[in-house]
Every structure is written in structure tokens, then in C-alpha cells.
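This report refers to the structure that appears directly beneath it.
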Amino acid sequence: RQRCSWLPLLFAVALRPPAAFGEQPGPDEDTGEPIAHEAAAGAATLEAVLVELRALRAEQAELRRRLDRCETSCRAPHDDRGPGAVRDLDSPRGGGAAASESATLDGSGALVRVDVQNTDWMKEVLFGGEPWVLHCTDSRSSVPYEPPPVLEEAAQELRSMATFGLVDCWERMPSGKTLSHRFDFPSPPVTFAVANGDPPVVIDLHGAVKPWQVKRKAAQHLAASVERIDGPERFKQFCTQRSACLLVGFKSAPALSAALRLLTPVLERNRGVRAVAVDTTVWKVKLDDKLSATKPDRKKDKSEASKQRAELLCLARRRSGSSRAGAFFRAPAGLDDSEESVAAVEDFLRRCSGGRGLVDFTKVPTLSLRPPDVPKYKSPAAEAGKGRPSEAGGGG
């Protein structure tokens, strides 16, 4: 480009007449030989200038072609399927609209850099339910904690499993705490997986050099699951403290198994709802009277299939205030593998996550042991009376 800056001067030189190359006054008519010599010299100079001009034009055309090729191939694609692509964070896999404001592509590849100063985005990443694999960095350290090379490759090959990114675990958030302090992370290097709104789980990538090895270590922590409840504390941790919880009440193992076959793929698409399973033959869920009044009456359906079918209950927390809401799942077809049931359950989970069409209540649901069934007391006289023959049937 610097050489092209003096092209106008060359054009001006090329357009000047041959006589203009000599600055001395015109010679006398008796001295014709100097005039011929100067004209030949001017013609030679002009030819040299024209040759240089043609070379510059060819060079300029080549530079234009290279710039055009660079503009086409080096432009960052808007699709997240190519190497180095900026992930579309408004998609369900990307972390929501709040994420799009602060997401930046790491300079080395497709790793999304999460801003810990964006409180809304951090809540979405940690508690929104979507699967993430994040490597901890420390901007204040003199020795940067670079992510393992396999992590960038996994971000491309395993993008359907999770979103891969970087986050500064030792930078103070607006709350005053760091991620390392809040979740008790070990010394670096640290890579953790988070999904389903559960606390982050540190995964050891030492020795992992292939994406399938990363998948083997992280997949168990990222898959949508139904947490089995074995006490009040876990019920509080995985259900009542969450923004949206799906309670699966069952009385037998076949009922739970049938419910899981239907729910597992649907939960993959609705990560905002945390699902738990409660054995209602052992545990009793105490609900607010307003919500209990809406429970479907199974006594009207006396079929054996209805008795063995699992129950689905949505429990949600309102974003404003301390109020809660919930609803029972109602479907004439029950819980089977039909398209109608899948569509009904999917719609139910979306309403649960969005807090739509639910019954408001105030009392927090609790879990307690169901008292054992005690047989009714029968007096000895009543038992003895059963064995005596009736007076009407007596002889004698």
C-alpha cells in the first residue's frame, strides 16, 4: 500500500511531454545533436517509468485478489459449527439472552469466556440447568492457567453434550466471593462440570488427550437425571430450594421405570426443571391445602394400571417474593410412550419452568416418614363371636 501511494506521481510523469524532462532552456537551432540526445534520454526514461507503472498495476491487482480471498476466508462465521466460531448464546444450549451480552470467544478456539461480573449470566450458567464444562483461569496470576489442548477440540466435537468455556475462578464477583471460595475448589488447574442446577463437580482431565476421554469423565455429571430422594434434607436440596422441581411419586419399581423411560429424553430438552423421585410407600409429602385440593382423584379410576402409575407434581418458586406455585399432571392416557403423552409432559414441564398455569400457595412442601400401617384393633369378644354359630342356624 505504501508503494501504491506514489502512483499519482508516476501518472503525472508519464503524461508529461518528452521535452518536459529537460529543465534547461531550449537550445539554439545550430545545436541539433544535443536536442536529439536529450530526446532519446527522455524516451528511455519514459519507457522505464511505463514498465514500472505496469509492474505496480500488476502488483496492485494481486494485492486486491489476496485481500478479497482473506475477506472471504478469514471472516468469523456466525454459525457455531465451524472452527473458531462464536457460539450463538441465545440458543437453548448457549445460556440465554443475558449471556449474549458478555460472551466472548477465547482467542485460541471455540471456548466461551464467561464474565463473572455479569451476575445474571453467572446465575444462568450455574443454576439454569444447561450443561457446561468450564476451565478455571486466574487473571491475577503471573503464570496463566491455560486450558488443556484437548478441551478446545472437545468444544467442537462434543458441542451437543455441553457448552465449553473459561471462567476466572479467583476473581471476586459482585457478591464479594470467588467461585473457588464458594464451591471450595482445589488448587489449579481446575476444570468443572455443572448441569441440572446442581453444584459444580470438579473433573480430573489429567491424561485426557482425546475428546472421547473428556466425554467419559464429564458425561455422568452432565446428563439429565431424576434424583432419588432418601430423606428430608435431599428433598430440600434438590426440590424445594430449586426454582422449578418435578416430583415423581411412585409406589413400585415398575412404575418408576416406566416414568423414567418417558421423562429422560423430555428432561434433556427442559433443563430448567430438576426432577426428583419419591417412594410414596415410605415417604409422605405434606402439601399446602390449596395445592392438595387440586390432586386428581384416583379412586374413580379403579383399574390396576392407574394404581401402579407414577404421579407427577410440579413445584415452583415465584421469582418475586416468597410465594410458591404448583400443579398436578393430568393426562387421560397416563404415562406411556405415545406421542400424545410425550407432548403433554413436555408442555407440563414448560409451564412448570415458566410458572404458567399453576396454583399459588404459601406453605413450603415438606417430607416425612410415612407411619407404618397398623392393623385395626379387634376385641377378643368380637373374635370369639365369629366362631360361634348364629342363633338362627343353631339346632336343638
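Read-outs throughout are calculated quantities, based only on the coordinates presented, and are distinct from any laboratory measurement. Fair warning: this is a prediction, and the values are worked out from it, not measured in the lab.
Any chance you could run the full-extension gain for residue 308 through residue 230? It's 0.36 nm times the residue separation minus the Cα-Cα distance, nm to one decimal. Kindly include the intermediate steps, with their values, before the conclusion.
Numbers: separation 78, 0.36 × 78 = 28.08 nm, distance 2.06 nm.
Length gained between residue 308 and residue 230: 26.0 nm.
Once fully extended, how much extra length lies between residue 251 and residue 364, figured as 0.36 nm per residue of separation less the alpha-carbon to alpha-carbon distance? Intermediate values should be presented prior to the final figure.
Values: separation 113, 0.36 × 113 = 40.68 nm, distance 2.32 nm.
Taking residue 251 through residue 364 to full extension adds about 38.4 nm, to one decimal.
Between residue 139 and residue 241, what length in nm is gained on full extension when 0.36 nm per residue of separation is reduced by their alpha carbon distance?
On the way: separation 102, 0.36 × 102 = 36.72 nm, distance 3.31 nm.
Residue separation times 0.36 nm, minus the Cα-Cα distance, leaves 33.4 nm.
Given 217/363; 290/378; 123/363; 123/290, which pairs have Cα atoms separated by over 29 Å? Numbers along the way, then the final one.
Details: 217/363 40 Å; 290/378 37 Å; 123/363 25 Å; 123/290 31 Å.
Distance filter (> 29 Å) returns 217/363; 290/378; 123/290.
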